[in-house]
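All remarks here apply to the structure that follows.
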Amino acid sequence: VKKLIIKGGQLLEGEVHISGSKNSALPIICASLLCQEFVKLFNCPDIEDVNRLLDILRELHVDIKREADYIEINSHSLKNIAINSANVSKLRASYYLMGVYLALFNHVQINMPGGCDLGSRPIDLHLKAFRLLNGKCEVNYDQVLIDSKKLKGNKIFFEIPSVGATINAMLASVFIEGKTIIENAAKEPEIIDVANFLNKMGANITGAGSCIIEINGVKRLKGTEYYVMSDRIEAGTYALMAAGRGKEVDIVNFNHKYNNGFIAKLIESNVKFKILDNKIKILSSKDILPLNLKTGYYPGFPTDLQQIYLALLTQAKGISKVQDSIYKSRFKNCYELNKMGARIIVDENVATIYGPHHLNGAEVTATDLRGGASLVLAGLMAEGTTTILNPEHIFRGYSGILEKIRKINGNITIA
Ligand code: UD1
């Protein structure tokens with residue numbers, strides 16, 4: 001078992017290159033199976049979640065070639081078998097195989113997908129979409145079984161704009177004759193990326209990125225090449241590290257168009273920055289101001305950056321409140337931050353952060369991916385040595401995090 005060791009207090013300086021988006025790459029890798037030909041994907045992040053997904057696909061007889069700058073996927077021998085790899089219960093995104101298998105085989109049997117423990121994470125909206133497309137769904141303990149004689153187009157209204165359910169509905173309906181309409185669809189940029197990829201393979205999807213998506217079924221898809229968008233959450237994470245401890249740090253491959261909810265909060269908390277072509281330059285930011293932050297569906301403030309922003313707010317001059325309305329118990333990192341000297345009180349889905357409190361190195365535990373990243377930021381800001389246990393949560397979603405932090409002068413090692 002490994003631990004991360006951070007010696008805090010270094011001033012960060014230099015450039016960080018943001019990798020491809022995790023939440024885009026995972027569904028795109030699954031979607032590539034729909035053509036049953038060769039697909040070449042550039043800019044997939046080198047993270048554990050991608051490795052796990054590729055391992056699941058290998059068990060389903062997909063050929064995968066992983067080169068330094070691309071992954072080649074050939075699914076012509078993909079098997080219509082039960083998807084019961086142990087990895088399914090460790091990876092939330094394995095639910096995208098439901099939509100893919102249903103589209104290809106009218107049938108799927110899969111273990112219940114797992115993922116970060118952020119409180120309750122149901123899949124009822126996914127199943128509702130499959131039912132509306134004429135699928136029969138059964139859930140027995142940890143097995144999901146979906147069958148259909150023939151999928152049929154329909155109008156699917158989501159009462160919550162779920163990212164996963166929206167993408168799954170798009171995947172399931174690519175081959176359905178006629179029209180499928182998704183209303184109150186999630187509008188996250190990753191949905192646009194997945195739709196662009198499907199269209200590049202020959203699908204006919206319009207409206208992705210808006211709340212109404214229309215899918216007109218096509219007979220087949222063909223192999224293609226695709227460049228995955230950059231990771232807006234990874235970009236936000238490094239921007240916050242730079243805000244907390246930076247002299248001057250360039251975050252390269254930063255698409256400001258997709259980060260407005262985040263940028264608005266940087267301004268409000270007095271982080272000094274400049275937006276340039278494809279990067280954001282974070283300048284030394286001494287007087288962080290407290291703020292009220294609520295997570296929202298895109299284009300609101302992303303829940304995936306909430307825990308990391310919260311670590312920065314331990315250094316703000318005054319009291320901040322952070323509310324997560326999407327994942328109500330996404331606050332386990334607060335107890336760890338308090339071990340380092342922060343003063344945070346969590347009441348239901350609201351954290352009150354009393355800043356500024358001096359942080360000291362301590363032994364803390366990463367309990368989930370983004371919570372783990374918040375501890376890395378805290379460790380960089382703290383005086384002395386921070387040891388982070390269970391860092392595997394962090395490696396699930398951050399490509400080359402040790403190298404990237406060292407390159408900007410952070411002192412981080414693994415032992
Ligand atoms: C995706 C992201 C995750 C991010 C989240 C919100 C992936 C692999 N994961 O997760 O990193 O934190 O979006 O931006 O892309 N819900 C239901 N029933 C469902 C599905 C969701 O009630 O069937 C609820 C959830 O509990 C949550 C809300 O809808 O409160 C949004 O969840 P959703 O957008 O589906 O998140 P995920 O796709 O799981």
ask   = Given R₀ = 30 Å, FRET efficiency for Glu383-Ala86 by Cβ-Cβ distance, to 0.05?
value = 0.15
inquiry  = Need one number: the % of Cα-Cα pairs in the stretch 294-415 sitting beyond the 22 Å mark.
reply    = 30 percent
task = Please label the shape of the stretch 356-415 as rounded, prolate or oblate, based on the square roots a ≥ b ≥ c of the eigenvalues of the alpha-carbon gyration tensor (a/c under 1.5 means rounded; beyond that, a/b larger than b/c means prolate, else oblate).
result = oblate
ask   = To the nearest 20 debye, what charge dipole does the chain have about its Cα centre, counting +1 at the Cβ of each Lys and Arg and -1 at the Cβ of each Asp and Glu?
value = 340 debye
query = How many percent of DSSP beta bridges within the stretch 265-333 run antiparallel, rounded to 5?
reply = 50 percent
request  = Would you order Val350, Val194 from fewest to most other beta-carbon atoms within 10 Å of each residue's own beta-carbon?
outcome  = Val350, Val194
inquiry  = I need the GluC sites (Glu not before Pro) found in the stretch 1-87, filtered to DSSP loop residues with at most 11 other beta carbons within 10 Å of theirs.
reply    = Glu67
task = Using only C-alpha atoms and all pairs of different ones, pull out the Kirkwood radius for the stretch 21-126 in Å with one decimal.
result = 13.9 Å
message = Given the -39500 (n - 2.57) contribution per DSSP H run of 4+ residues, what per-residue ellipticity at 222 nm results for the chain, rounded to the nearest 500 deg cm²/dmol?
response = -9000 deg cm²/dmol
remark   = trypsin sites (Lys or Arg not before Pro) in the stretch 102-185 lying in a DSSP loop, each with at most 11 other Cβ atoms within 10 Å of its Cβ, come to Lys149, Lys150
request  = Taking a cut-off of 18 Å between Cα atoms, list the lysines near Lys90, but don't count ones fewer than 8 places away on the same chain.
outcome  = Lys22
request  = Give the cross-link partners of Lys321 among the aspartates and glutamates, using a straight C-alpha distance below 20 Å as the criterion and excluding same-chain residues fewer than 8 apart.
outcome  = Glu268, Asp287, Asp304, Glu336, Asp347, Glu348
key: Nearby lysines by direct alpha-carbon distance to Lys149 (threshold 24 angstrom, same-chain neighbours under 8 apart not counted)   = Lys79, Lys128, Lys136, Lys179, Lys219
key: Computed lengthening from Asp142 to Lys247, 0.36 nm per intervening residue step minus Cα-Cα distance   = 32.9 nm
key: Contour excess over end-to-end distance, with Cα ends at Lys155 and Val1 and 0.36 nm allotted per residue   = 50.6 nm
message = How much of the DSSP bridge set in the chain is antiparallel, in percent, rounded to the nearest 5?
response = 70 percent
Once the Cα gyration tensor of the stretch 117-233 is diagonalised, semi-axes √(5λ) in Å = 22, 19, 14
inquiry  = Can you give the FRET efficiency to the nearest 0.05 for His61 and Lys257, using r as the Cβ-Cβ distance and R₀ = 41 Å?
reply    = 0.55
task = Report Rg/Rh for the chain, rounded to two decimals, where Rg is the Cα radius of gyration and Rh the Kirkwood radius.
result = 0.98
inquiry  = Quick check on the stretch 154-195: what does the Kirkwood estimate of hydrodynamic radius come out to from the alpha carbon pairs, in Å?
reply    = 10.4 Å
key: Sites Ala415 and His17 - FRET efficiency at Förster radius 25 Å, r taken between beta-carbons, to 0.05   = 0.45
task = For Arg406 and Asn270, calculate 0.36 nm times their separation in residues minus their Cα-Cα distance, and state this gained length in nm to one decimal.
result = 46.4 nm
C-alpha long axis of helix 369-381 to longest principal axis of the chain, angle in ° = 20 degrees
Relative exposure of Val252, Val174, judged by other C-beta atoms within 10 Å (fewest first) = Val252, Val174
key: Label point distance in nm, Tyr335-Asn292, each placed 7 Å from Cα along Cα→Cβ   = 2.8 nm
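Read the figures in this text as sums done on the coordinates, not as results from a lab. In this text, all values refer to a predicted model and were calculated from it rather than measured experimentally. Cβ atoms come from the backbone with ideal geometry, glycine included; neighbour counts cover every protein chain shown.
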